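K.L.:
Before we start, here is the structure in question, set down as structure tokens.
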Amino acid sequence: MTTTMPFPLRVEFGARPSLLLLLLLRRDTYALFNGEPVRSSSDVPGVTGSLFSLYEDSDVHNCISGDEKIAPHCTGGLISPGIFLTAAHCLQEEITGKDARAFARLRVALGRKITYQNDDGSCAGRALGTDDNIYKVRAAFWPKDFKAFEAERDGIFIAMDHLDYAVLYLDTCATSATLGNDRPMIAGAAFADYDNARGGGPGFATSFWGYGENEMGDSNYDGIARFATYTFTRVTSRSGAAGKKKMWIDCHWLPDSASTWQHSEGLAAAKDTLRMVATPNLMCAASNPMTIRLCAQITTRTDCLNAMKTTKAPIQSFCEWKRGECNVNQNVGGGNGVVTLPAPGGGDSGGAYWVKKGSTYVHVGIIMGGSELYPRWAIVSKTDYMQNWLLAALDRDTCISGSSLDYFDAFDGQASNLHPHATTDFVGGLASLSRFRDLSLLPVR
């Protein structure tokens, strides 16, 4: 299957303007579509939240940073009372600076309708802290092989972030007031629900709360968390239908005979367009059915201007007719074009996909920074692929009193084909120190 994208596109959900060199457009050019705004903070689980920074020029009494209001640049979710899991590219500014002390400016807001404002949009007029579900970060770590990369397949430009995971250790354990009855868990390698995303399967339904812009784009961004249900329908799975067992990094099917990428093969093998190995750690949800025509696929002016419009005044078209062609209107709706299903946007990057079981929220995936053949697919990093390292990370979470395995749903101790758990496979640092080191910087509790 091929795509008809008219030009190379780098989708960097929630990235700040100073991030990866591959970034072609600022983060404020993408908007969250087809998500429902929450009514109050009580509608947001305590396990999910946003990531933001407080800089020296931040005026917390007026909820302002520089000349803008304090707002998140990413989303994420708890996997234990002391660890917030998000995307590594959400830390690109700090990683590029090569000084772990920059982590001290990071803050995690949990279970809030608006990251740093009251539910009614007003400012509290004071610095917010743990009593307000705002937590400082004491350390952060990510895979040492995390890297932005490019590839090209059939003339289509692809740009993604490889192994886009990061754990942030909270300075204070998430309190019972924050969590309420909500309990975070991690999908292990034997988590059976993933198989629903197999080719020809029923679809893997998940819940998502994110802090991306609304359909009107950054100029109308209200900062309110939004909820959406995503159904994943593509993943590498041995039980998939014929011709739909193996998936490449761009969500397209490979022949059933294709081999599956192993971590030991490195990034070069994962992106090789000649060998084409299946990806074991990504899954895809459609942002549009394949029957939907994108702007570039429309051939008449009338159809172009009526393809999709904003729902609030001023009513504008998401496509524009220019020089006899239909293209995405970059000035409307964040430049997303036609999107009919839930689609992540600026501020949503790193956000958690959950499977709710009673009061337990099982973390199954992360919105990654990367390519998609957008706006066809939302591409997500699967949580189960990192179970071995996440176990090592939890072993260093002093907020846990029992076994780290208690925080996994279907941990598979025999799964040796996943990302390794060695502390040397990860890099990061403490907010109190300048140098980056590996995970052994934190002692096992």
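The values are calculated or read from the model by the stated rules, or taken from the named source; none is laboratory data. The structure presented is a predicted model; accordingly, all values stated were derived computationally and were not measured. Cβ coordinates were reconstructed from backbone atoms using ideal geometry, including for glycine residues, and neighbour counts include every protein chain displayed. Please note that ligands, DNA and RNA were not included when accessible areas were found on the heavy atoms of the full protein model with its side chains. Shrake-Rupley method; radii C 1.70, N 1.55, O 1.52, S 1.80 Å.
K.L.:
Which residue, of G345, G350, G337, G365, is at pLDDT 85 or above and in a loop (DSSP other than H, G, I, E, B)? Explain how you work it out, then say what you get.
P.N.:
On the way: G345 fails: at pLDDT 85 or above; G337 fails: at pLDDT 85 or above; G365 fails: in a loop (DSSP other than H, G, I, E, B).
From the options G345, G350, G337, G365, the qualifying one is G350.
K.L.:
For residues in the stretch 268-283 being part of a loop (DSSP other than H, G, I, E, B) and aliphatic (A, V, I, L, M), which is nearest to M386 (Cα to Cα)? Please lay out each step first, then the result.
P.N.:
Quick first cut of the stretch 268-283, residues part of a loop (DSSP other than H, G, I, E, B) only: 271-277, 279-281.
Then keep just the ones that are aliphatic (A, V, I, L, M); that gives 274, 276-277.
Numbers: L274: 27, M276: 22, V277: 19 Å.
That would be V277.
K.L.:
Which pairs have Cβ atoms under 6 Å, sit 6 or more apart or on different chains, and link a residue in the stretch 104-115 that is in contact (Cβ under 8 Å) with a residue 12 or more places away in the chain to one that is of a type in the set (K, R) and open to solvent by 10 Å² or more (accessible area, probe 1.4 Å)?
P.N.:
No pair meets every condition.
K.L.:
Which of the numbered conditions does I292 fail, given that it passes all the others? Conditions: (1) open to solvent by 40 Å² or more (accessible area, probe 1.4 Å); (2) touching a strand residue (DSSP E or B) at 6+ places or on another chain (Cβ under 8 Å); (3) outside the structural domain of I379 (by the TED database); (4) of a type in the set (V, I, T).
P.N.:
Looking at each condition in turn, I292 falls short on (2).
K.L.:
Which of (1) buried (at least 20 other Cβ atoms within 10 Å of the Cβ); (2) out of contact with any helix residue (DSSP H, G or I) (no Cβ under 9 Å at 6 or more places or on another chain) does L394 not meet, given it meets every other one?
P.N.:
All conditions are met except number (2).
K.L.:
Same structure, new question: Test G77 against the criterion of being in contact with a strand residue (DSSP E or B) (Cβ under 8 Å, 6 or more places away or on another chain) and not in a loop (DSSP other than H, G, I, E, B), and give yes or no.
P.N.:
Numbers: in contact with a strand residue (DSSP E or B) (Cβ under 8 Å, 6 or more places away or on another chain): yes; not in a loop (DSSP other than H, G, I, E, B): yes.
Here the answer is yes, as G77 does meet what is asked.
K.L.:
Look through the stretch 320-332, keep the residues that are on the phi < 0 side of the Ramachandran plot and over 31 Å from the mean Cα position of the chain (by Cα), and return whichever of them is surrounded by the fewest Cβ atoms within 10 Å (Cβ to Cβ).
P.N.:
Quick first cut of the stretch 320-332, residues on the phi < 0 side of the Ramachandran plot only: 320-322, 325-332.
Cutting the leftovers down to over 31 Å from the mean Cα position of the chain (by Cα) gives us 321-322, 325.
Working: W321: 18, K322: 11, E325: 14.
Among them, the one singled out is K322.
K.L.:
Now a separate question. Quick check: is even one residue across the stretch 19-32 at pLDDT 55 or above and open to solvent by 20 Å² or more (accessible area, probe 1.4 Å)?
P.N.:
Checked the stretch 19-32: no residue is at pLDDT 55 or above and open to solvent by 20 Å² or more (accessible area, probe 1.4 Å).
K.L.:
Same structure, new question: Tell me, yes or no, whether the stretch 80-100 has at least one residue that is more than 26 Å from L391 (Cα to Cα), out of contact with any strand residue (DSSP E or B) (no Cβ under 7 Å at 6 or more places or on another chain) and part of a strand (DSSP E or B).
P.N.:
No, there is no match, as no residue in the stretch 80-100 is more than 26 Å from L391 (Cα to Cα), out of contact with any strand residue (DSSP E or B) (no Cβ under 7 Å at 6 or more places or on another chain) and part of a strand (DSSP E or B).
K.L.:
Within the stretch 423-433, track down each residue that is surrounded by fewer than 14 Cβ atoms within 10 Å (Cβ to Cβ) and either under 22 Å from W261 (Cα atoms) or touching a Gly at 6+ places or on another chain (Cβ under 7 Å) (or both).
P.N.:
Quick first cut of the stretch 423-433, residues surrounded by fewer than 14 Cβ atoms within 10 Å (Cβ to Cβ) only: 424, 432.
Scanning the stretch 423-433 gives a single hit, T424.
K.L.:
Specify which of the listed residues (S257, S317, S287, S239) is under 26 Å from the mean Cα position of the chain (by Cα), of a type in the set (S, T, Y) and on the phi < 0 side of the Ramachandran plot. Give the steps one after another, and end with the answer.
P.N.:
On the way: S257 fails: under 26 Å from the mean Cα position of the chain (by Cα); S317 fails: under 26 Å from the mean Cα position of the chain (by Cα); S239 fails: under 26 Å from the mean Cα position of the chain (by Cα).
On inspection, the qualifying residue turns out to be S287.
K.L.:
Next up: Can you give me the number of residues within the stretch 31-86 that are over 21 Å from S122 (Cα atoms) and aromatic (F, W, Y)?
P.N.:
Residues in the stretch 31-86 being over 21 Å from S122 (Cα atoms) and aromatic (F, W, Y): 2 in total.
K.L.:
Sticking with this one: Determine which single condition E94 fails, assuming it passes every other condition in (1) open to solvent by 10 Å² or more (accessible area, probe 1.4 Å); (2) under 18 Å from the mean Cα position of the chain (by Cα); (3) among the acidic types (D, E).
P.N.:
Unmet for E94, out of (1) open to solvent by 10 Å² or more (accessible area, probe 1.4 Å); (2) under 18 Å from the mean Cα position of the chain (by Cα); (3) among the acidic types (D, E): (1).
K.L.:
Tell me, which residue of the stretch 148-175 that is assigned to a loop (DSSP other than H, G, I, E, B) and of a type in the set (D, E) is least open to solvent (accessible area, probe 1.4 Å)?
P.N.:
Here is the first cut: in the stretch 148-175, the residues assigned to a loop (DSSP other than H, G, I, E, B) are 154-155, 163-165, 171-175.
Among the residues that remain, those that are also of a type in the set (D, E) are: 154, 164, 171.
On the way: D154: 120, D164: 1, D171: 89 Å².
Checked the stretch 148-175; the qualifying residue least open to solvent (accessible area, probe 1.4 Å) is D164.
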